[in-house]
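Written out below as structure tokens is the structure these notes cover.
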Amino acid sequence: MKEVTRRETLALGAAAGAAAMFAPYVAWAAVEEANALIAKFTGGKAATDGKITLQMPEIAENGSTVPLSVSVDSPMTKDNYVKRVIIVADGNPRPEVATFNFTPRSGVAEASTRMRLAKTQNIVAVAEMSDGSFHMTKRQVKVTIGGCGG
Amino acid sequence: MAKKPKPRVKVPKTAAKGDVVNIKTLISHKMETGLRKDKKTGKPVPRHIINKFIVKFDGEDVFSVDIDPAISANPYFQFSMKADKSGEFEFVWIDDKGESFSKKSKLTVN
């Protein structure tokens, strides 16, 4: 077997480093795509912080099933309720996760599910209220093993 | 898919008027994302997921979810409903091939 010289080792290392730096931008949906999705949901309106809570583990060992809980502070009456909550993941191959559609019958605006996370990333939840206002929250989840097949 | 998706729900049978009841649902489904490649042929595996989950109570909308491939296999949902009358829940899951799976459950409000 041919011995690898010091010079070659350095070149290999540099090439691997460059590949690692650029790979995320090729393989994964960019943050911009996630932002575009949120802008589409709000119709370009600004979403304010607060009223909405997103519960997720800080570190997910297995990215293929990460628990997620979202709740919005609302009386859920016919005149004042949460219409929809969108969940967006800015580091998945496709940023859309799910949209929860609530009604005044829901009683409380709370829902839980389990989702896939390809890598460490931010999860954004945006709520649309019946009065046309929007509230959002963001949370980072660190992922040990990604969960998008492959 | 090898097995037919099996829907399961956990919902109380009775409730006091005005109570908010908690409902848990699960359906067995692979939730193929469409991003995975077949290891033998190298061809992408076509997307096949449950894309919609609808909950009605006596025909009235209570809760629904638009589902994207980022939801885990065997999709699980937990949510609530305010119990103000007796009636029947209807849970419906719809997949990419247009197939639907449903389950019903009665609720008595005292």
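The values are calculated or read from the model by the stated rules, or taken from the named source; none is laboratory data. No experiment lies behind these values; they were computed from the predicted model shown. Note that we place each Cβ from the backbone using ideal geometry, even for glycine, and neighbour counts take in every protein chain shown. What goes into the accessible areas is simple: the full protein's heavy atoms, side chains included, and nothing from ligands, DNA or RNA. Shrake-Rupley method; radii C 1.70, N 1.55, O 1.52, S 1.80 Å.
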- Message: Which one, B:LYS85, B:LYS37, B:LYS24, has the greatest fluctuation when you compute a Gaussian network model over chain B with C-alpha springs under 10 angstrom?
- Response: B:LYS37
- Task: Within 10 Å, count the other beta carbons around each residue, average over each peptide in A:109-120, B:73-84, B:54-65, B:89-100, and list them highest first.
- Result: A:109-120, B:73-84, B:54-65, B:89-100
- Query: Expressed as cubic angstrom per residue, what is the convex hull volume of the alpha carbon set of region A:63-103?
  - Reply: 81 Å³
- Task: Hey, can you grab everything whose amide H is under 5 Å from the amide H of A:LYS83? Only 5+ residues off in sequence or another chain; H modelled, so Pro and N-termini drop out.
- Result: A:GLU128, A:MET129, A:SER130
- Using DSSP, restrict attention to beta bridges with both residues in the protein assembly as shown and report what percent are antiparallel, rounded to the nearest 5. 90 percent
- Item | Spherically averaged projected area in nm², based on the convex hull that wraps the Cα atoms of chain B | 7.1 nm²
- Which ³J(HN,Hα) values, rounded to whole Hz and listed in residue order, are derived for region B:81-95 from phi using the Karplus coefficients 6.51, -1.76 and 1.60 in 6.51 cos²θ - 1.76 cosθ + 1.60 with θ = phi - 60°, glycine and proline given as x? 8, 7, 8, 10, 7, 6, x, 10, 7, 10, 10, 10, 10, 10, 9
- Message: Interface size between chain B and chain A, please: total buried accessible area, 1.4 Å probe, rounded to the nearest 100 Å².
- Response: 2400 Å²
- Message: So for chain B, averaging the separation of alpha carbon pairs under 8 Å that are six or more residues apart and normalising by length, what relative contact order in percent results?
- Response: 33 percent
- Solvent-accessible area per residue for the protein assembly as shown at a 1.4 Å probe radius, Å²? 54 Å²
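Could you tell me what % of all Cα pairs in the protein assembly as shown have separations over 24 Å?
Values: 18081 of 33670 pairs.
Looking at the protein assembly as shown, the distances longer than 24 Å represent 54 percent of pairs.
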- Item | For region A:79-150, Kirkwood radius (reciprocal of mean inverse C-alpha pair distance, Å) | 13.3 Å
- Query: Given H placed on each backbone N at 1.01 Å, which residues far from A:GLY107 in sequence or on other chains put an amide H within less than 5 Å of it?
  - Reply: B:LYS82
- Message: What does the net charge come to around A:ARG105 if you take all other residues with beta carbon closer than 9 Å to its beta carbon, with K and R at +1 and D and E at -1?
- Response: -2
